[in-house]
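Okay, so here's the structure we're looking at.
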Protein chains: 2
Amino acid sequence: MNIGETATASGVSAKMIRHYESIGLIQTSSRTLAGYRQYHERDVHLLRFIRRARDLGFALEQIRQLLSLWSDPGRASADVKRLAEAHIADLDARIDALSEMRATLVTLARACHGDHRPDCPILQGLAEPARAP
Amino acid sequence: MNIGETATASGVSAKMIRHYESIGLIQTSSRTLAGYRQYHERDVHLLRFIRRARDLGFALEQIRQLLSLWSDPGRASADVKRLAEAHIADLDARIDALSEMRATLVTLARACHGDHRPDCPILQGLAEPARAP
DNA sequence: CCTTGACCCTCCCATGATGGGAAGGTTTAC
DNA sequence: GTAAACCTTCCCATCATGGGAGGGTCAAGG
């Protein structure tokens with residue numbers, strides 16, 4: 001199985017497969033005489049795992065830990081859960097930060113006429129010190 | 001006013017002030033004979049504007065447009081509002097994406113015992129195809 | 001006058017995850 | 001035998017930000 005087919009089957013681009021190999025997230029594959037990387041079904045599984053973890057917003061360093069737990073039959077599920085919960089906390093923080101931006105912006109936008117006149121509370125809000133909460 | 005004082009007063013680091021100058025977001029400042037950048041109160045205002053827009057999550061290219069509207073006395077507030085609303089939509093998309101990740105992860109984490117045993121629905125969820133919604 | 005410390009300058013490099021593209025080799029199908 | 005569709009490595013770009021090297025400047029105190 002060449003890298004292109006593997007990419008299609010796993011949902012991870014060929015570029016990224018090579019990159020993951022270069023940073024040691026996946027092992028170096030075997031090669032044909034011509035130097036083509038060769039993959040097997042189990043590599044597709046692994047890449048799909050990575051792909052799904054990425055889709056859930058895990059960073060590659062966390063995925064490295066997840067992979068190590070995944071391949072360890074003696075793991076404690078508590079370790080996995082701890083990783084997941086830390087990531088949930090991280091997502092919460094990002095969601096909160098974005099929500100706060102959104103709320104401020106909505107407040108400003110609501111106050112703006114949005115017509116041909118130049119008066120604009122949005123620009124004023126950006127130009128003046130933020131009011132105390 | 002040297003760059004360090006300007007940085008402190010505006011909340012934009014000296015590094016970033018130089019960077020904003022290099023990409024043309026702010027005009028090149030005057031210099032002393034020794035080559036030191038010189039700033040004035042109005043530059044601090046400008047940088048504070050940029051800082052606040054960044055805090056609201058605007059990208060530098062959008063801030064470029066905001067600055068151009070800010071400095072245009074003949075602007076229409078509708079143009080500002082359009083920028084703001086586009087950005088709100090962008091924030092919404094990002095919040096939604098993160099919330100979806102969070103929801104999936106919370107579901108998986110809830111099903112996980114989190115003890116010494118290796119069975120872990122989180123790892124299973126990552127290893128198996130996502131179920132249809 | 002000279003030193004010291006706190007500034008400032010430019011230039012290069014790094015982040016994280018991903019993609020684009022060049023230059024060149026391989027395989028496959030017609 | 002040739003063209004298309006692969007593959008390889010290597011370099012560069014994104015976006016906003018910071019770190020640090022190597023070197024110049026300025027002000028205060030001895």
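When each of B:44, B:12 is scored by the number of other beta-carbon atoms lying within 10 Å, the sequence from fewest to most is B:44, B:12.
The angle between the Cα long axis of helix B:41-55 and the longest principal axis of the Cα atoms of chain B comes to about 10 degrees, rounded to the nearest 10. Placing unit charges on each Cβ (+1 for Lys and Arg, -1 for Asp and Glu) gives the protein assembly as shown a dipole about its Cα centre, and among B:19, B:60, B:76 the Cα reaching farthest toward its positive end belongs to B:19. For chain B, adding -39500 (n - 2.57) for each run of n ≥ 4 DSSP H residues and dividing by the number of residues yields -20500 deg cm²/dmol at 222 nm. Computed over the Cα atoms of the protein assembly as shown, the ratio of the radius of gyration to the Kirkwood radius (Rg/Rh) comes to 1.11.
Taking Cα atoms only, the orientation of helix B:77-111 departs from the longest principal axis of chain B by about 30 degrees.
Take every Cα pair under 8 Å whose residues are at least 6 apart in sequence, average their separation, divide by the length of chain B, and the relative contact order is 15 percent. Length, then width, then depth: along the principal axes, the Cα atoms of region B:56-127 run 68, 18, 18 Å. How big is D for chain B, in µm² s⁻¹ as a whole number, if Stokes-Einstein is applied with the Kirkwood radius of its Cα pairs at 10 °C and 1.306 mPa s? The diffusion coefficient I find is 84 µm²/s.
Ordering A:20, B:36 from the fewest to the most neighbouring beta carbons within 10 Å gives B:36, A:20.
Going from the residue with the fewest nearby Cβ atoms within 10 Å to the one with the most, B:58, A:49 rank A:49, B:58.
Where a number appears in this text, it was derived from the coordinates with a stated rule and is not lab data. For clarity, every value in this text was computed on a predicted model and none was experimentally measured. No Cβ is skipped: glycine too gets one built from the backbone with ideal geometry, and neighbour counts run over all protein chains shown.
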